[in-house]
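J.: Dumping the structure here so I can ask a few things about it.
The values are calculated or read from the model by the stated rules, or taken from the named source; none is laboratory data. Just so you know, these numbers come straight off a predicted model, no measurement behind them. Counting neighbours? That spans all protein chains shown, and the Cβs are built from the backbone with ideal geometry, glycine included.
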Amino acid sequence: MRIHNIRTGCLGNFVKSDSRNHLANLCRVFLLFLMFVFAGSRRNAIYAQEGRLAVKGYLQYENNTWAPPSGDYSWKEISGLHNRLDINWYPGKHLSFYAGVRNNLDFGSLLSEYYPEYKNSLVKDNGFVNMTLKITDKKSCVLYSNIDRLNFKLQYDKLEIKVGRQRINWGLNSIWNPGDIFNTYNYFDFSYISRPGSDAALVQYFTGNLSSLQIAAKLDNNDKLTSAAMYKFNLKGYDIQILGGVMNGKYMVLGGGWSGQIKGGGFTGEINYFKHYGRYSTSGTTGASTSYPNIDQTSSRLVASVAYNYTFSNQIFINTSVIYNSRGTTGKVHDAAAGNDSRQSNFLQTNSITRENSFLQTGDLSPLTLTLSKCELFGEISYPFTPLIKGDFSAILNPYDGSAFLGPSADISLTDNIQLLAMAQIFTGKKETEYGNYGRIYYVRLKWTF
């Protein structure tokens, strides 16, 4: 997550131009209008009875405590009160509207220790229109509101058109998604379940019962365009997808994926080829970065992942996955980070707690930065000990540098709509390895859904 100089102050200071300022204001005002009108009107009850309006959400308290590597006892923490509202409105037979709003209050020693970098990473909006409003900004406390969904969808016969802030998910695997070029998924950022959206347009035409053609385009806060087309079809029980397009205005993308079953277990895979076109900012050498003059950043790369999951008759669930990056290193990841556009790996980009300021000053997530290693392995096992208590243990291994991630967790249902989650993220390995020397992170979350 590369930190930009976020403009502070009044609402208009968050956007790059007057036109974006007006558009962001209109989006916020329109959403607030709908929320207050529907919440207070008698028609709300009628719409709800007719299934034309649905409002749901959650309120949660979360505490994250970071224990530094051995020898450092200055533990740091951040707590938060987080609220989310999801509004679905169906004004007509063919038209629907969806809005999602997050209201977060975060506070703790981690914010003050890494002020303002960490705070900036929380309120940064990667969309073309900045829909994040910073309400209170103090050294150890930040209150902000973020609209991460705001779109209209038109459905008519076999055609579906969706315009606005939305999540376009073309990934198939649950851990690493090389095919998710619009909204790259970060496995470590578990607390943001709904995931960020994009300011985009998506057109989908269903060519058959099991086939469709999708065309999508988005603009980010740097005016970079990502656009692609994907064709999906079914072949001998497998769902196949083929895609091609442009990512972040500088990579041509061609790839595909599959989803099916082997021996009753889910078998999925994604493979994408990325070819850089155009030029980086250089000092006279095409393709060579000025920061890393020995690295040719115009070279192509192949990123692929395969996954298999299975549920046994006794309800034990296992999930395995492997990822391959043709430009990945077989040595220390941080020594090879110069050869990657984003300079740091998946964990360092958006994890809830970081070890030092430089971890926040990295590039945006993309399929290119899912791993900087040549190959990584993932494994997970979970079991419902009772209908109300579920245990889970996951691990990621970098086989080249020997570093690893361990993630034990317990999910407890206190009532039908109140859940308690306790988990840890444990990073082991030598310094400068992918997961080494980052310490441990402990999470506790109490969540009420409505």
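J.: Would you call PHE393 modelled with pLDDT of 95 or more and hydrophobic (A, V, I, L, M, F, W, C)?
T.: Yes, satisfied.
J.: Now for a separate question. If you go through the stretch 417-442, how many residues are of a type outside the set (S, T, N, Q), modelled with pLDDT of 95 or more and farther than 16 Å from PRO68 by Cβ?
T.: So the count comes out to 5.
J.: Select from the stretch 163-215 the residues that are part of a loop (DSSP other than H, G, I, E, B) and acidic (Asp, Glu) and write down the one among them that is modelled with the lowest pLDDT.
T.: ASP189
J.: Could you please give the count of residues in the stretch 232-247 that are farther than 15 Å from GLN204 by Cβ, out of contact with any Phe, Trp or Tyr (no Cβ under 6 Å at 6 or more places or on another chain) and among the hydrophobic types (A, V, I, L, M, F, W, C)?
T.: 3
J.: Could I ask something else about it? Taking into account only those residues within the stretch 388-433 that are part of a loop (DSSP other than H, G, I, E, B) and in contact with a Gly (Cβ under 8 Å, 6 or more places away or on another chain), which is farthest from GLU62 (Cα to Cα)?
T.: Only one residue fits best here, namely TYR400.
J.: Looking at (1) touching a residue at least 12 places away in the same chain (Cβ under 8 Å); (2) assigned to a strand (DSSP E or B), which one does PHE385 not meet, given that it meets all the others?
T.: All conditions are met except number (1).
J.: While we're looking at this one, here's another question. If a residue must be hydroxyl-bearing (Ser, Thr, Tyr) and in contact (Cβ under 8 Å) with a residue 60 or more places away in the chain, how many such residues does the stretch 191-242 contain?
T.: Here the count works out to 3.
So that you can scan it fast, the table gives a plain yes or no per residue for (1) at pLDDT below 95; (2) in a loop (DSSP other than H, G, I, E, B); (3) surrounded by fewer than 16 Cβ atoms within 10 Å (Cβ to Cβ); (4) among the aromatic types (Phe, Trp, Tyr):
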position	(1), (2), (3), (4)
THR65	yes, no, no, no
GLY71	yes, yes, yes, no
ILE78	yes, no, no, no
ILE87	yes, no, no, no
LEU111	yes, no, no, no
SER121	yes, no, no, no
ASP125	yes, yes, no, no
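J.: Moving on. Do we have PRO91 as out of contact with any helix residue (DSSP H, G or I) (no Cβ under 7 Å at 6 or more places or on another chain), of a type outside the set (A, V, I, L, M, F, W, C) and without any contact (Cβ under 8 Å) to a residue 60 or more places away in the chain here?
T.: Against the criterion (out of contact with any helix residue (DSSP H, G or I) (no Cβ under 7 Å at 6 or more places or on another chain), of a type outside the set (A, V, I, L, M, F, W, C) and without any contact (Cβ under 8 Å) to a residue 60 or more places away in the chain), PRO91 qualifies.
J.: Let me ask another. For the stretch 171-218, give me each residue that is of a type outside the set (D, E, K, R) and touching a helix residue (DSSP H, G or I) at 6+ places or on another chain (Cβ under 8 Å).
T.: Hits for the stretch 171-218 are ASN177, PRO178, GLY179, ILE181, THR184, ASN186, TYR187, PHE188.
J.: Go through the stretch 118-175 and report how many residues are in contact with a strand residue (DSSP E or B) (Cβ under 7 Å, 6 or more places away or on another chain) and at positive phi.
T.: Result for the stretch 118-175: 1.
J.: If you check LYS162, LYS138, LYS134, which single one turns out to be of a type outside the set (Ser, Thr, Tyr), over 30 Å from ALA404 (Cα atoms) and out of contact with any helix residue (DSSP H, G or I) (no Cβ under 9 Å at 6 or more places or on another chain)?
T.: Only one candidate passes the filter, namely LYS162.
J.: Further, regarding this structure: Could you please give the count of residues in the stretch 366-391 that are surrounded by fewer than 18 Cβ atoms within 10 Å (Cβ to Cβ) and touching a strand residue (DSSP E or B) at 6+ places or on another chain (Cβ under 7 Å)?
T.: Adding up the residues that qualify gives 11.
J.: On the given criteria, is GLY179 more than 11 Å from the chain's Cα centre (by Cα), within 24 Å of GLY100 (Cβ to Cβ) and either among the basic types (Lys, Arg) or surrounded by 15 or more Cβ atoms within 10 Å (Cβ to Cβ) (or both)?
T.: Yes; evaluated as a whole, the condition is true for this residue.
J.: If you don't mind, another one. So, in the stretch 216-236, exactly how many residues are exposed (fewer than 15 other Cβ atoms within 10 Å of the Cβ) and at pLDDT 95 or above?
T.: 3
J.: Taking the stretch 184-214 only, how many residues are closer than 25 Å to ASN83 by Cα and not charged (D, E, K, R)?
T.: The total comes to 14.
J.: Just checking, how many residues over the stretch 265-289 are of a type outside the set (Val, Ile, Thr), under 19 Å from ALA228 (Cβ atoms) and either at pLDDT below 50 or part of a strand (DSSP E or B) (or both)?
T.: 7
J.: Let me ask another. Restricting attention to the stretch 392-406, which residues are surrounded by 19 or more Cβ atoms within 10 Å (Cβ to Cβ) and closer than 30 Å to TRP448 by Cβ?
T.: Scanning the stretch 392-406 gives SER394, PHE405.
J.: Could you look through the stretch 291-309, keep only residues that are modelled with pLDDT of 95 or more and among the hydroxyl-bearing types (Ser, Thr, Tyr), and pick out the one that is surrounded by the fewest Cβ atoms within 10 Å (Cβ to Cβ)?
T.: Applying the filter and picking the extreme gives TYR308.
J.: For the stretch 83-98, what are the residues that are under 17 Å from ILE193 (Cα atoms) and basic (Lys, Arg)?
T.: Passing the criteria: only ARG84.
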